[in-house]
């Protein structure tokens, strides 16, 4: 029995390694979050596109909004995590401090929610995709799998849903509005924008102007 269990665990380990490697080139057929939304909301809108089809503005918007250290960190922003922990100690509002890489690990391989088990697995998958995929593939997967509205997954589906145009044609403001809603995409109105989204989008546009031009960032955006 022990040998059988050990063999099963070995096969499972090898299978998930192969799956991670395969996702460097192919898109996941589904994610747990997508299945949950399909069951709960009764609708599902997703359209995978290539990195080049996404355009520059939405890439710049989500980096400026979600993770400005994305081009240079190894998957974890320890300073950001420390600040989030301090913020959580002082108030009731929880702040995660997750990087784009960590969010991809959660969105693609895991489930939503807060638990030590999920967080531990998130650390493992974040490490693996940073080593195997690289920054461009991580950002591409983030923009293809993130929930950006009720039952709307990926930037192409979101762009068509909100603005009736492909993602590559999004303006700075339109991209910033989509990025502004990412923390709670089921709550906020992107088009027409709620007052909160308008304010946050303006802030994100300033960040987009401030961060562009850096050598490490430009390597990712090209």
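Within region 129-137, does at least one residue satisfy the condition of being modelled with pLDDT of 95 or more, outside any loop (DSSP other than H, G, I, E, B), closer than 25 Å to residue 36 by Cβ and touching a helix residue (DSSP H, G or I) at 6+ places or on another chain (Cβ under 7 Å)?
yes
Within region 160-172, count every residue that is out of contact with any strand residue (DSSP E or B) (no Cβ under 9 Å at 6 or more places or on another chain) and either crowded, with 16+ Cβ neighbours inside 10 Å or not in a helix (DSSP H, G or I) (or both).
The qualifying residues number 9.
Residue by residue through region 29-55, note down the ones that are surrounded by fewer than 17 Cβ atoms within 10 Å (Cβ to Cβ) and touching a helix residue (DSSP H, G or I) at 6+ places or on another chain (Cβ under 7 Å).
44, 51, 53
Checking residue 48 against (1) modelled with pLDDT under 90; (2) in a loop (DSSP other than H, G, I, E, B); (3) over 20 Å from residue 184 (Cβ atoms), only one condition comes out false. Which one?
(1)
Given 180, 175, 201, which one is surrounded by 15 or more Cβ atoms within 10 Å (Cβ to Cβ), more than 28 Å from residue 134 (Cβ to Cβ) and out of contact with any strand residue (DSSP E or B) (no Cβ under 7 Å at 6 or more places or on another chain)?
Going through 180, 175, 201 in turn, the sole match is 201.
What's the number of the only condition in (1) under 19 Å from residue 52 (Cα atoms); (2) modelled with pLDDT under 95; (3) in contact with a strand residue (DSSP E or B) (Cβ under 9 Å, 6 or more places away or on another chain) that residue 107 fails to meet?
Of the numbered conditions (1) under 19 Å from residue 52 (Cα atoms); (2) modelled with pLDDT under 95; (3) in contact with a strand residue (DSSP E or B) (Cβ under 9 Å, 6 or more places away or on another chain), the odd one out for residue 107 is (1).
The values are calculated or read from the model by the stated rules, or taken from the named source; none is laboratory data. If you're wondering where the values come from, they're calculated on a predicted model, not measured in any experiment. Neighbour counts are summed over all protein chains in view; Cβ atoms, including those assigned to glycine, are modelled from backbone coordinates with ideal geometry.
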